Amino acid sequence: MSPEESIRAARSANERINAFTFLESESDLPQRESGPLAGVPIALKDLIDQKGRTTTCGSAFYRKEAEKSAAVVTRLEGAGGVIIGRTGLHEFAFGFSSENPHFGPVRNPWDPTTSAGGSSGGSGAAVGAGLAPIAVGTDTGGSVRVPAALCGCYGLKVTYGAIPLDGVFPLVGSIDTVGPLADSMANLETAYRVMAADDGPLPAIESIRFGVPQPWYEEAPMADDVRAAFVDAVNSLRELGHQVHPIQIPDVRPDRRIIFALAKEVQDAHRDFREKGLEYGDEVRERLDGVFDVTDEQAAEGQSWQGMIRDRFTDAFATVDFLLTPTVPAMRKVIGEDLIGGTHYRTVLSWFTAIVNHALLPAIALPLSGTGAPPVSIQVMGPRGGDLPLLCLGRKLEDQGLVGFTPASSE
């Protein structure tokens, strides 16, 4: 699909799924005919600066007329990519639903009554609907992987620091990442290589030792369909010759110290706005109120917890190659409803993703073939710096038919 065709398709679909906050004009697109992304349409999350365009962060008041592009945009365009539009998100990227009170909710292309996930919901919806083969999101607690999972596409949370953050509005700069979502492993890998300026060779992947982390996995608020698909995936991996075993990782589970650890940086990003009395939506305002209540002692406790989490993962990767979980414990979040199976949706959707950011690790969301509409997603985590091994694994599993992408529009 050409960029012009992508824009026309996106304009037609936007009334239904609200994936984009801004679409380019077909007549004004640059012609880029060389490079690894020559002429490839790319959807860009609307908190990443793009020269000549307005960054809104999905907010009521933030309007930055970008005088220069973020480094990641410069790299994508330098490789021939064509930005077709800016995608909707959870307000200031501080949430997991993309039910935005200012721009309207981003809707899941598989079922518009349900959430596309967040915070990069528009990027997930754009790829999941087949409107763009590649989209760019940010991930501070799962904001690439959650929408990739709910919208049925691939998503890569990169090792912290692998892709530059300049020109990206911060949530928690010490753990923020930028990453690609895509409709194939080939596109995901190409986007990553361009965005990270990483031309290293893919490693050989043969028999792999996977660990399923306990009690993190067993304690999850898991839907039956996700658990059943995950068990089937584990059995398939074993049939393919890989080892998959439970691994005990003490103290690795979500708790309130996640908020303690990020509080001071979120405060720094929003203090001026709050002091001016600027307008936030109800959910983000309430979350910010809680963040600003975190004490110095609690923040220090959060930092200590982060150090412990990183040590636990270092120990785990001394005995396994990758860690394996579902990406999200449940695949449906109804728009306007706060609970999934009796548990708050943020707890459910971030259960397997948020800790990974605090550990600074890479992780990939992979849609399992033939497991639903959208398909159930598995998350594979690697050691720090292990982005290319994860991509190699994803390509291998795609070639073997265990994972794969089907656009929602074809169902």
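Taken together, the values in this text are just the output of simple stated rules run on the coordinates, not laboratory data. Worth saying up front: this structure is predicted, and the values here are computed from it rather than measured. Please note: Cβ atoms are built from the backbone with ideal geometry, for glycine as well, and neighbour counts cover all protein chains shown.
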Exercise for the section: Return a whole-number percent for the relative contact order of the chain, with Cα pairs under 8 Å and 6 or more residues apart as the contact set. Expected result: 18 percent
Handout entry: Amide proton proximity set for Phe22, modelled H, under 5 Å, gap of 5+
Key = Arg86
Fill in the blank from the handout: Exposure proxy check on Ser236, Ser59: fewest-to-most Cβ neighbours within 10 Å is Ser236, Ser59
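How do Cys151, Cys392, Cys57 rank when sorted from fewest to most other Cβ atoms within 10 Å of their own Cβ?
The order, fewest Cβ neighbours first, is Cys392, Cys57, Cys151.
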Handout entry: Compactness of region 193-341 - radius of gyration and Dmax, Cα, Å
Key = 19.9, 59
Exercise for the section: Pick out, in residue order, every one of the GluC sites (Glu not before Pro) in region 21-82 that is DSSP loop and has at most 12 other C-beta atoms within 10 Å; say none if there are none. Expected result: Glu33, Glu67
Practice task
Averaging sequence separations of C-alpha pairs under 8 Å and six or more residues apart, then dividing by the length of region 322-411, give the relative contact order as a whole percent.
Solution key: 30 percent
Practice task
Report the dimensions of the chain along its three principal axes from the alpha-carbon atoms, largest first, rounded to Å.
Solution key: 54, 49, 39
Exercise for the section: Counting helices only, and only those DSSP H runs with n ≥ 4, report the 222 nm mean residue ellipticity of the chain as the sum of -39,500 (n - 2.57) divided by its residues, in deg cm²/dmol to the nearest 500. Expected result: -10500 deg cm²/dmol
Fill in the blank from the handout: P(r) over all Cα-Cα pairs of region 11-53, 5 Å bins from 0 to the longest distance, whole percent per bin, short to long, reads 5, 16, 23, 26, 21, 8, 2
Problem - Anchor Lys157: aspartates and glutamates whose Cα lies under 19 Å away (excluding residues fewer than 8 positions away in-chain) - result: Asp46, Asp139, Asp166, Asp176, Asp183, Glu189, Asp198, Asp199, Asp321, Asp387, Glu398
Problem - Gyration tensor over alpha-carbon atoms, region 207-281, equivalent ellipsoid semi-axes in Å - result: 40, 15, 12
Practice task
Would you please give the residues with an amide H less than 5 Å from that of Ile134, counting only those at least 5 places away or on a separate chain, with H modeled from the backbone geometry?
Solution key: Ala43
Exercise for the section: Evaluate the relative contact order of region 3-196 (contact order divided by residue number), counting alpha-carbon pairs under 8 angstrom at least 6 apart; express in whole percent. Expected result: 21 percent
Problem - Part-to-part distance (alpha-carbon centres) for region 209-241 and region 247-272, which is given in Å - result: 26 Å
Practice task
Give me the percent of DSSP beta bridges within the chain that run antiparallel, rounded to the nearest 5.
Solution key: 70 percent
Exercise for the section: Could you work out how far the C-alpha centroid of region 62-108 sits from that of region 315-366, in angstrom? Expected result: 23 Å
Fill in the blank from the handout: Glu286 and Gln400 label points (each 7 Å along its Cα→Cβ direction) are spaced in nm at 4.4 nm
Fill in the blank from the handout: per DSSP, antiparallel bridges as share of beta bridges in region 3-196, % nearest 5, sits at 70 percent
Exercise for the section: Only bridges with both residues in region 1-96 count here: give the DSSP antiparallel percent, nearest 5. Expected result: 50 percent
Handout entry: Square roots of 5 times each gyration tensor eigenvalue, C-alpha, region 3-196, largest first, Å
Key = 20, 19, 17
